[in-house]
Amino acid sequence: MNASAEDLEELANDATMLALRKICDGSYSYLGSSPVGFANAIADNLLRNFCRKKRRHYLAIEGAPLPSIQPEVEAYFTQEDLKTQLGQALGQLSEPSRQVIRLRYFEELSDEEIVTLGLTAHRNTDSLKSARCRSLKRLAGLVRH
């Protein structure tokens with residue numbers, strides 16, 4: 001993970017504080033789950049974000065030659081082909097995964113609206129965002145293959 005002991009300790013402290021804050025403000029509810037599991041999920045998300053930030057890849061694009069696109073490649077990626085690929089990939093996701101993507105990107109509802117209206121099993125926006133992120137990663141993997 002390329003995280004030092006100090007970084008891991010800081011991540012653990014941040015996760016604990018975030019979990020306690022969510023419990024105190026009432027945005028975390030004990031629906032058959034442990035607050036420890038909730039704190040672990042927060043720590044896991046913080047660690048993933050930390051690792052993502054550590055892998056910064058910058059490439060200057062000024063003066064870089066543009067790749068040439070072959071006509072048959074361009075024809076393959078027409079709008080209809082992309083719609084078909086996306087539809088097939090969405091069909092392979094579970095219903096909850098399709099739902100969090102559909103509500104946000106197709107019905108254009110904000111996370112606050114989705115949670116407030118109770119349109120998913122997620123009771124707070126952080127949980128909803130995490131679920132949508134996982135669903136989009138699965139979707140991207142399905143579209144690439």
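Figures for the structure shown
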read-out	value
Output for segment 97-132, where each listed residue is in a helix (DSSP H, G or I) and either surrounded by fewer than 13 Cβ atoms within 10 Å (Cβ to Cβ) or touching a strand residue (DSSP E or B) at 6+ places or on another chain (Cβ under 8 Å) (or both)	Tyr105, Phe106, Glu112, Thr116, Leu117
Tally, over segment 114-142, of residues that are more than 16 Å from Gln92 (Cα to Cα), in contact (Cβ under 8 Å) with a residue 40 or more places away in the chain and of a type in the set (S, T, N, Q)	2
Residue in segment 21-35 that is part of a helix (DSSP H, G or I), out of contact with any strand residue (DSSP E or B) (no Cβ under 7 Å at 6 or more places or on another chain) and at pLDDT below 75 present	yes
Residue that is modelled with pLDDT under 85, in contact with a Leu (Cβ under 9 Å, 6 or more places away or on another chain) and assigned to a loop (DSSP other than H, G, I, E, B), where the choices are Ala39, Ala15, Ala43, Ala3	Ala3
Pair list, Cβ < 9 Å and 6+ apart or interchain, from segment 69-98 residues that are at pLDDT 60 or above to residues that are of a type in the set (Ser, Thr, Tyr)	Leu90/Ser97; Leu93/Ser135; Ser94/Ser135; Pro96/Thr120; Pro96/Ser135; Ser97/Ser135; Arg98/Ser135
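The values are calculated or read from the model by the stated rules, or taken from the named source; none is laboratory data. Please read all numbers here as calculations on a predicted model, not as lab measurements. Cβ: placed from backbone, ideal geometry, glycine included. Neighbour counts: every protein chain shown.
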